[in-house]
Amino acid sequence: MLPNKRVYFETASRAMYVVLVGFGASRRGYAHIRGIAKAGEPNSLSPVSPGVLYMDPAVHATLRRKQRRLARENPGVLAAVAKGANMAVLECQHQFKYRRWNCSTRNFLRGKNLFGKIVDRGCRETAFIYAITSAGVTHAVSRACAEGAIESCTCDYSHVDRAPHRSRAPNAANVRVWKWGGCSDNIGFGFRFSREFVDTGERGKTLREKMNLHNNEAGRMHVQTEMRQECKCHGMSGSCTVKTCWMRLPSFRSVGDALKDRFDGASRVMMPNSESDMPLRQRNDAAPHRVPRRDRYRFQLRPHNPDHKTPGTKDLVYLEPSPGFCEKNTRLGIPGTHGRACNDTSIGVEGCDLMCCGRGYRTETMFVVERCNCTFHWCCEVKCKFCRTEKVVHTCL
Amino acid sequence: MTGTIIENLSGRKLAVLVTFLLLCQLTCFLIGGLVAPMPANAQNILGTVCKDTSVMKNDTTKWFYNRGKGKCQPVDLGEVHHDLSEKDIVFAFQMPIPREGETYDYSRWQQNLIGVLQVDISYHSQMEVKPRSTITIDARLAYRNKEDPEDGWKLYTQSVEKRVLDCDIDIKTDEYLYNCSLIPLFELGSLFHDYYLLNIRLPIDTPDMNAHIGHIQDMWVTVINQNGGFTKVWVSLKTVFFPCIIGILIWFWRRIHMLERKPVLLEKMLLSLGIALCFLNAPLEYLTLQFDLPFMLLLGDIRQGVFYATLFSFWLVFAGEHMLIQDTSAQSSLKQYWRHLSAVAIGCISLFIFDMCERGVQLRNPFYSIWVTDLGTNLALTFIILAGISTGVYFLFLCYLVYKVFINISHKRQSLPTMCSVRRLHYEGIIYRFKFLMLATLLCAALTVIGFILGQVAEGQWKWDEHIELEYTSAFFTGVYGMWNIYIFSLLVLYAPSHKRWPVNENTSDMQNLSEEIEFSRLPGERSEISSLTSFIRKATVD
């Protein structure tokens, strides 16, 4: 990270730390922690420096029962979840740096939901937030598996039993399986864990829940499909008669990029309106009180505009148009674009015309002292000069 | 007059034998596809960044790891650490990584361990990574066994290595990652201990060392080990094939010794082919379960090399022996084939030298790689290209020889109608069987090549059915292995001298026309026990 970014990051996480620990006892603070731990619901998520979270007993109390069980069964997983949530927030802010809605988490410090009440609306931005969060959890958990920080990560059992639902074998059998056919699955566990943990609350009954499920799944799919295959030849004399390949976890930035592309092309959906659109098995079900868990992800959303094609698994979906982000809206927790920096030469969303919603902008010339001509050594040493540069800053009125 | 078994075998018996061998072949393929797991397993391990607070950095009794008693203090490289210098940073890789809540350990059935390093470097406009910059790695490998205490790591090997870091980037924006090529890190020929631990430091002893490698975010090591199940299936196949081939070899040799004449070149070649196959088949892997044998990778290469060399030489001699044209008097010997065989020899020797330079040196230093230095790369490439050229030359030679054999045979075929019918039928049978064996060879070679290409195109698993999943890579290996065993087995059987008297020959001898009778009687003692196919061709050339 660049030094200034790092400083930002540090202060940010320190602030979160204060919120967590400092207000931990108060009701407001409690609500936050609740949000963090329930990382599944991004509406109440907070960035938190890893390590703080799982030590706090109050956190544990705020998890849903199932999440608590998951955390108990997989020691070390909460730290990964927190890290993933943090990554998601930073990535969201990076991707939306130059847009009217900039993934602001300012509200969080004032005691509201992390991303503001925007997540109560089923709009594009919400879709992105859900997708990036579940992607973040998937990514971070997979990473933690690769590091050995979570010892309960599972193996890929395709070579043992071809049946999809294999009951957990006793431990001795597991060791035998490892010695027989190896074990090299990181993303699979991350994917499944994210489904279990993040999607806990979403039963897929209402349209909004379906939207959330779809977007969560889309986020995870992007982590999976952004993976790159790497191979190594190790046959006779190192020739390619024997070649072993594995999947490499993508950088989270590339996942964010891919999701941002999907955000731009997100499709507006609606409920299948007739019974005939419903999948067969649901119609046959006499009393569809509870959709079976396995089938939770098997639904088809219909595009709002019948001419559009139905959204795929990797597409983001939303239900209603986004609210205007130009003006402050306390009801939705929208800060507005007043005071945002913009680019006067651009005609895109970061340009002053669009960003300031036609209100006009102020131009200031200021001298900034910046680090420049930095030389790095690979780890820790940064030697920089300080340069005074003239900068023209445009700010929305 | 006696011939080889293939000439005396009835069509029905041959069919039965071929069917049986094909069934064996299918079994080998299916054992690999249905029983064996993938040949090798790869584990991605993300390095834990540990803080080395000690003053002396070259203390090899101090180890850093992230699990178990005495684990290190992890550091997040994303944050600023003013109290750290790059000397204090250690990347720790503890292998194997735990799964299912269990601490897995390596089994000796898993045979070998290959490590590949991947570095995640983020882009900084002020610190671009130059293409092909050098990274200096201080790598230390430790081991521990189950009965040892959790902090009882012992030094296995240690080395400071230079590697070329080949990175490029598409989007030059801060915090995007470079695409860096894989860096081969180590190869262990034996997986004798239960746990291994790799500690990597990036030293900066000189100002230029590790200065142009950018900002490292993460280090990944992918460790590849052979799967225990695959080794078990493989060794079982070997255990079955080994005595079979030994048995048939003894039978073959005894049969030859029962003859009055000395063994001919083709029989000697067959024998050495059988011995080379035995060398390849010997299940030496059992020894690795008891002893630490790091040379097994090298030995495996040598065993395969010897086998291929003998097989290639055999084909040359086989083709050559079946078209002797002029000097029928001299017993053919290997010397006659020196020009053809030199291609095989050059190829094998250059591959052997390359292998000794790579895997031989790795016996001393598992982190060594010949590909790192420019000189080494050129040297390795020279040997490999040399081997490639001699393989090409060899195949050209072989094709030429086979072409000539077929031309010869078709020439003689034209003179067949002039012979009496019984004799003609018999010769046609011989030609048919000779072609049959040539076809078998071609089929084996083609199957190997096609299987290999299919494996490259469609990686991993093949699905024929919803429930039957074939582990194609393993099936390919066991299939090919079984195929060549069966091929040589059948060669030994079919080309062994037959003891059966040749009733057809005796019955028809009086019916043959005079000129042929004369040909046969010219060198009666010498010709009597040579395979009738060769005798036929020799005789025909004299015609």
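Within segment A:225-252, being in a helix (DSSP H, G or I) and surrounded by 20 or more Cβ atoms within 10 Å (Cβ to Cβ) holds for A:SER237, A:GLY238, A:PHE252. Filtering segment A:182-199 to residues that are closer than 19 Å to A:ARG248 by Cβ, not in a helix (DSSP H, G or I) and not small (Gly, Ala, Ser) leaves A:CYS183, A:ASP185, A:ASN186.
Inclusion of B:LYS71 among residues that are within 13 Å of chain A (Cβ to nearest Cβ), free of Cβ contacts under 8 Å to residues at least 12 places away in the same chain and at negative phi is warranted. What are the residues in segment B:349-379 that are closer than 25 Å to B:LEU197 by Cβ, in contact (Cβ under 8 Å) with a residue 60 or more places away in the chain and more than 10 Å from every other protein chain (Cβ to nearest Cβ), if any? If the condition is that a residue be closer than 25 Å to B:LEU197 by Cβ, in contact (Cβ under 8 Å) with a residue 60 or more places away in the chain and more than 10 Å from every other protein chain (Cβ to nearest Cβ), then B:GLN362, B:LEU363, B:ASN365, B:PRO366, B:PHE367, B:TYR368, B:VAL372 are the ones that fit. Among the residues of segment B:107-116, is there at least one that is crowded, with 20+ Cβ neighbours inside 10 Å, within 30 Å of the chain's Cα centre (by Cα), in the same structural domain as B:SER181 (by TED's automatic domain parsing) and assigned to a helix (DSSP H, G or I)? Yes, because at least one residue in segment B:107-116 is crowded, with 20+ Cβ neighbours inside 10 Å, within 30 Å of the chain's Cα centre (by Cα), in the same structural domain as B:SER181 (by TED's automatic domain parsing) and assigned to a helix (DSSP H, G or I).
You will find that of A:THR345, A:THR337, A:THR313, A:THR395, the residue that is part of a loop (DSSP other than H, G, I, E, B), surrounded by 17 or more Cβ atoms within 10 Å (Cβ to Cβ) and polar (S, T, N, Q) is A:THR337 and no other.
Tell me yes or no: at least one residue of segment B:53-64 is within 11 Å of chain A (Cβ to nearest Cβ) and farther than 24 Å from A:SER251 by Cα. Among the residues of segment B:53-64, not one is within 11 Å of chain A (Cβ to nearest Cβ) and farther than 24 Å from A:SER251 by Cα, which makes the answer no. Whether a residue is more than 21 Å from the chain's Cα centre (by Cα), at pLDDT 75 or above, in a helix (DSSP H, G or I) and within 9 Å of another protein chain (Cβ to nearest Cβ) was assessed, and A:LYS179 passes this test.
Only one residue in B:LEU375, B:LEU351 is surrounded by fewer than 16 Cβ atoms within 10 Å (Cβ to Cβ), in a helix (DSSP H, G or I) and at negative phi. Which one?
Criteria check complete, one pass: B:LEU375.
Counting only strands (runs of 3 or more DSSP E) that fall entirely inside segment B:150-221 and contain at least 1 residues that are more than 9 Å from every other protein chain (Cβ to nearest Cβ) and free of Cβ contacts under 8 Å to residues at least 60 places away in the same chain, the qualifying elements are B:154-165. Within segment A:248-271, the residues that satisfy the criterion of being out of contact with any Asp or Glu (no Cβ under 8 Å at 6 or more places or on another chain) and either without any contact (Cβ under 8 Å) to a residue 24 or more places away in the chain or within 9 Å of another protein chain (Cβ to nearest Cβ) (or both) are A:LEU249, A:ASP257, A:ASP261, A:ASP264.
The C-beta contact set for segment B:259-273 (first residue charged (D, E, K, R), second residue part of a loop (DSSP other than H, G, I, E, B), distance under 7 angstrom, 6+ apart or interchain) comprises B:GLU260/B:GLU529; B:ARG261/B:GLU529.
Scan segment B:409-430 and tell me whether some residue there is modelled with pLDDT of 85 or more and part of a helix (DSSP H, G or I). No, segment B:409-430 contains no residue that is modelled with pLDDT of 85 or more and part of a helix (DSSP H, G or I). Answer with yes or no whether B:VAL55 is over 29 Å from B:GLN362 (Cβ atoms), without any contact (Cβ under 8 Å) to a residue 40 or more places away in the chain and touching a Leu at 6+ places or on another chain (Cβ under 9 Å). No.
Checked against (1) more than 30 Å from B:ILE169 (Cβ to Cβ); (2) at the interface with chain B (Cβ under 8 Å from one of its Cβ atoms), A:HIS234 passes all but a single condition, namely (1). Looking across segment A:87-130, the residues that are modelled with pLDDT of 75 or more and part of a loop (DSSP other than H, G, I, E, B) come down to A:PHE96, A:LYS97, A:TYR98, A:ARG99, A:ARG100, A:TRP101, A:ASN102, A:CYS103, A:SER104, A:ARG121, A:GLY122, A:CYS123. For segment B:18-51, a tally of residues being within 14 Å of chain A (Cβ to nearest Cβ), surrounded by fewer than 21 Cβ atoms within 10 Å (Cβ to Cβ) and without any contact (Cβ under 8 Å) to a residue 60 or more places away in the chain returns 1. Restricting the search to segment B:336-346, which residues are under 16 Å from B:LEU396 (Cα atoms) and in contact with a Gly (Cβ under 8 Å, 6 or more places away or on another chain)? Selection gives B:TYR337, B:HIS340. Given the structure, is A:GLU364 away from chain B (no Cβ under 14 Å), touching a residue at least 60 places away in the same chain (Cβ under 8 Å), of a type in the set (D, E, K, R) and surrounded by fewer than 18 Cβ atoms within 10 Å (Cβ to Cβ)? Answer is no for this residue. If you go through segment B:222-245 and keep only what is among the basic types (Lys, Arg) and more than 11 Å from chain A (Cβ to nearest Cβ), you end up with just B:LYS238.
Residues that are more than 7 Å from every other protein chain (Cβ to nearest Cβ) and more than 12 Å from A:GLY148 (Cβ to Cβ) within segment B:86-103 comprise B:LYS87, B:ASP88, B:VAL90, B:PHE91, listed in sequence order. Among the residues of segment A:237-247, those identified as more than 7 Å from chain B (Cβ to nearest Cβ) and not hydroxyl-bearing (Ser, Thr, Tyr) are A:CYS240, A:LYS243, A:MET247.
The values are calculated or read from the model by the stated rules, or taken from the named source; none is laboratory data. Bear in mind the structure is a predicted one, so any value in this text is a computation, not a measurement. Reconstructed Cβ throughout: ideal geometry from the backbone, glycine too, with neighbour counts over all protein chains shown.
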